[in-house]
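Remarks on the structure that follows.
The values are calculated or read from the model by the stated rules, or taken from the named source; none is laboratory data. Note that the structure is predicted; figures quoted are calculated from it, not measured. Neighbour counts are summed over all protein chains in view; Cβ atoms, including those assigned to glycine, are modelled from backbone coordinates with ideal geometry. Heavy atoms of the whole protein, side chains included, go into the accessibility calculation; ligands, DNA and RNA do not. Shrake-Rupley method; radii C 1.70, N 1.55, O 1.52, S 1.80 Å.
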Amino acid sequence: VQLQASGGGLVQAGGSLRLSCVTSGVIFRTNALAWYRQAPGNQREQVATISTFGRTDYAASAKGRFAISRDNTKNAVYLQMNSLKTEDTAVYYCNRLEPPYLNWGRGTQVTVSS
């Protein structure tokens, strides 16, 4: 498995979750990475990105609430999600920022209850 996302769960609106994505060293060092999400009936959308140098960018819906970071020593990328809303409910995935994408895997389910 090249990419493995974890850390999802059920949380009340206003709560927080921290997602993790572990990759192989080669993928981590040589690729900008991103978190994506897909809610039922919706297309997959990009939530946050981080370059190999640590530059970050966010979708409008995530700005001010989510923070993407990376740990070079663990080949891991994280997504800290605060002030969660019911509309954040989705399956979250990590992958390369640009195609060709790696295997998406199962992602990690985030469910925000009202």
| request: Let me know the shape class of region 27-90, please: from the alpha-carbon gyration tensor, a ≥ b ≥ c as square roots of the eigenvalues, rounded when a/c is under 1.5, otherwise prolate if a/b is greater than b/c, or oblate. | output: prolate
| query | Using 7 Å Cα-to-Cβ label points, what is the residue 83/residue 63 separation (nm, one decimal)? | reply | 1.3 nm
| Which whole-number value in Å² is the accessible area per residue of the chain, probe 1.4 Å? | 55 Å²
| message | Name the residue from 75, 19, 43 whose Cα lies farthest towards the positive end of the charge dipole of region 10-96, charges +1 on Cβ of Lys and Arg and -1 on Cβ of Asp and Glu. | response | 75
| query | For the chain, rounded, prolate or oblate, judged on the Cα gyration tensor with a ≥ b ≥ c (square roots of eigenvalues), a/c < 1.5 rounded, else prolate if a/b > b/c? | reply | prolate
| task | Quote the relative contact order of the chain in percent (integer), defining contacts as alpha-carbon pairs under 8 Å separated by 6+ residues. | result | 37 percent
| said: On a full-extension model of 0.36 nm per residue, what is the gain between residue 74 and residue 44, subtracting their alpha-carbon distance, rounded to one decimal in nm? | reply: 8.1 nm
| message | Give me the one-decimal nm value for the distance between modelled label points at residue 4 and residue 51, 7 Å along each residue's Cα-to-Cβ direction. | response | 3.1 nm
| note | Asserting the computed 222 nm helical MRE of the chain (DSSP H runs at least 4 long, -39500 (n - 2.57) per run, divided by residue count, to nearest 500) equals -1000 deg cm²/dmol
| Let a ≥ b ≥ c be the square roots of the eigenvalues of the Cα gyration tensor of region 62-114; is it rounded (a/c under 1.5), or, if not, prolate (a/b larger than b/c) or oblate? | oblate
| Portion, in percent, of the accessible area of the chain that falls on carbon or sulfur, probe 1.4 Å | 47 percent
| field | Net charge of Cβ neighbours under 13 Å - reference residue 83; Lys, Arg +1; Asp, Glu -1 | value | +1
